[in-house]
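Data first, discussion second: the structure below is written as structure tokens.
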Ligand SMILES: CC(C)(COP(=O)(O)OP(=O)(O)OC[C@H]1O[C@@H](n2cnc3c(N)ncnc32)[C@H](O)[C@@H]1OP(=O)(O)O)[C@@H](O)C(=O)NCCC(=O)NCCS
């Protein structure tokens, strides 16, 4: 069994991403992905793409993680989620994903999908813990390494939200 390298929990506040966050977001992006998104790509998401919704996790005035999705009809597609390496295993990723699902449900979505690298066990564990289920493989989806993507889905977001019963509405994500 892998050693438990969990750290003391961090309880970040969650809010919509703003253009001013981009320097910190890009730093995390570069430290998290082999082929990071450019500033232009993030700018486009925040200013042009009407389907896009991005949040950041902030603690002590510092952005420590972010996540985003596209919301199309009743379906949400997670585009990105990353936590600063210094803050991993502290519950920040869990909090971001929870907030994203909550916001997708608020917007009328009932299912959510994402792609994850076959080798990315940390992210897969996170998604499994939210009852995402693997539903397919996209061969060679990641063109930088030619790695396969596992396609995962979470269903019944509306029920998930009802069952949580509006638990701790202080955590509700403000936003457009
Ligand atoms: C995936 C990622 C966002 C997780 O963020 P995090 O803040 O470390 O996650 P959390 O501390 O909230 O952990 C939540 C759960 O995820 C799983 N998990 C997270 N990191 C893990 C690891 N290194 N190994 C195994 N499971 C892990 C565990 O189930 C964990 O629950 P637990 O702590 O109760 O065991 C983070 O590792 C990251 O930014 N990775 C690089 C970017 C990336 O791969 N993004 C996903 C793209 S698909």
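Here, each number is a calculation from the coordinates, and none is a lab measurement. All values derive from a computational prediction rather than experimental measurement. With ideal geometry, Cβ positions are generated from the backbone for all residues, glycine too; neighbour counts draw on all protein chains shown.
FRET efficiency for the residue 111 to residue 20 pair, using the beta carbon distance and R₀ = 22 Å, is estimated at 0.10. Computed over the Cα atoms of segment 59-128, what is the convex hull's projected area averaged over all directions, in nm²? About 5.1 nm², averaged over all directions. Peptides 96-107, 30-41, 119-130, ordered by how many other C-beta atoms sit within 10 Å of their residues on average, highest first, read 96-107, 119-130, 30-41. Hull volume per residue, based on the alpha-carbon atoms of the chain and their convex hull, is 130 Å³. Taking label positions 7 Å along the Cα-Cβ direction at both residue 158 and residue 47, the computed distance is 3.7 nm, reported to one decimal.
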